[in-house]
Amino acid sequence: MPSLKDLKNRIESVKSTRKITKAMQMVAAAKLRRAQEAAELARPYAEKMADVIGGLAASVGDAENAPRLLAGTGDDKTHLLVVMTAERGLCGGFNSSIVKLARQRIESLKAEGKTVKILTVGKKGREQLRRDHGNLSIGHVDLTEVKRIGYADAAKIASDILARYDAGEFDVCTIFFNTFQSVIAQVPTALQIIPAAYDAPEEEEGAEALYDYEPSEEAVLEDLLPRGVATQIFTALLENGASEQGARMSAMDNATRNAGDMIERLTIEYNRSRQAVITNELIEIISGAEAL
């Protein structure tokens, strides 16, 4: 049975931890507002970009002069998986859910006899995947010093991926991230970005739009597709940022509540132990007085 001093030290320790988790919860809540706003503002642009590219891709179809980013290499033997996670922990199952989805895809591709390569964005994903799939890693993007994700950060990642694609290092590229829905709901998502997989936009009934492109649809696509890859990566980073702060806010709230419950239990145990010590001392005094 722990002594009164031990119990008192444990209570003080848990109280200190509760102060930290409460502070982290408040910081995450403040960051969440900005991150959620950025993610929501980026969605309409990404959707419109997807509609434009989807319309062009549908008209070009399987033409011989279709851009390579759209038509692909003609094979799918080598897959590049870009796993986007956080640089820090203490955010519940945020990182683990993304890595779990990536692991499932890795095992599935290996079972089909495909070659898998991994590019990690964020330290936590690299740490988890390094245990079982470290030999598959071909690179890592460190965003530790980035305080606020910008399009330039996504463009650098996109340039690296596109350069590897042009060099023939892979045939298919898929990114893994969490889509933000709410503070308590983040959805692990796998999105293929190379070859580009865009759906043709749905036209309203009776309103068929006709467009003339100059110099040509293929030339416009050639310029838009790399931008589309960067936009998809940027959107995924923003969704991840909002999801991370939401998950951290929820995790720190649970940790604060658990710390409060633990303090109550330890306080009850401390009071009972203290009462037992006092009772024993009274018994000894009474016993000594009767002996006299």
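Structure data summary
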quantity	calculated
Lone qualifier among 92, 72 - being at positive phi, within 14 Å of the chain's Cα centre (by Cα) and of a type in the set (Gly, Ala, Ser)	92
Residues (farther than 14 Å from residue 130 by Cα and in contact with a strand residue (DSSP E or B) (Cβ under 7 Å, 6 or more places away or on another chain)) located in segment 85-112	94, 97, 98, 101, 105, 109, 110
Count - residues of segment 58-105 that are touching a helix residue (DSSP H, G or I) at 6+ places or on another chain (Cβ under 6 Å) and of a type in the set (Val, Ile, Thr)	4
Matching option when the condition is open to solvent by 30 Å² or more (accessible area, probe 1.4 Å), modelled with pLDDT under 95 and among the small types (Gly, Ala, Ser), among 168, 122, 150	168
Residue that is modelled with the highest pLDDT, among those in segment 183-209 that are more than 14 Å from residue 60 (Cα to Cα), over 20 Å from the mean Cα position of the chain (by Cα) and open to solvent by 60 Å² or more (accessible area, probe 1.4 Å)	202
Test result for residue 218, within 40 Å of the chain's Cα centre (by Cα) and either open to solvent by 20 Å² or more (accessible area, probe 1.4 Å) or within 29 Å of residue 121 (Cβ to Cβ) (or both)	yes
Qualifying residues in segment 8-23 (those that are touching a helix residue (DSSP H, G or I) at 6+ places or on another chain (Cβ under 7 Å) and open to solvent by less than 80 Å² (accessible area, probe 1.4 Å)) - the one farthest from residue 273 (Cα to Cα)	21
Yes/no for residue 52 being out of contact with any Pro (no Cβ under 6 Å at 6 or more places or on another chain) and surrounded by 18 or more Cβ atoms within 10 Å (Cβ to Cβ)	no
Segment 132-147 - residue that is open to solvent by 50 Å² or more (accessible area, probe 1.4 Å) and in contact with a strand residue (DSSP E or B) (Cβ under 8 Å, 6 or more places away or on another chain) and, of those, nearest to residue 158 (Cα to Cα)	140
Segment 233-268, subset open to solvent by 70 Å² or more (accessible area, probe 1.4 Å) and acidic (Asp, Glu), residue nearest to the chain's Cα centre (by Cα)	261
Residues within segment 220-265 that are under 30 Å from residue 53 (Cα atoms) and among the hydroxyl-bearing types (Ser, Thr, Tyr), tallied	3
Those residues of segment 113-161 which are over 23 Å from residue 92 (Cα atoms), of a type in the set (Ser, Thr, Tyr) and out of contact with any Leu (no Cβ under 9 Å at 6 or more places or on another chain), in sequence order	151, 159
One residue from 41, 69 being within 17 Å of residue 233 (Cβ to Cβ), touching a strand residue (DSSP E or B) at 6+ places or on another chain (Cβ under 9 Å) and modelled with pLDDT under 95	69
Some residue of segment 93-100 being out of contact with any His (no Cβ under 9 Å at 6 or more places or on another chain), in a loop (DSSP other than H, G, I, E, B) and not basic (Lys, Arg)	yes
Candidates 77, 5 - the one that is loosely packed, with under 12 Cβ neighbours inside 10 Å and among the basic types (Lys, Arg)	5
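The values are calculated or read from the model by the stated rules, or taken from the named source; none is laboratory data. Bear in mind the structure is a predicted one, so any value in this text is a computation, not a measurement. For neighbour counting, all protein chains shown are included, and Cβ atoms are generated from backbone atoms with ideal geometry for every residue, glycine included. We work out accessible area using only protein heavy atoms, side chains counted, and drop any ligands, DNA or RNA first. Shrake-Rupley method; radii C 1.70, N 1.55, O 1.52, S 1.80 Å.
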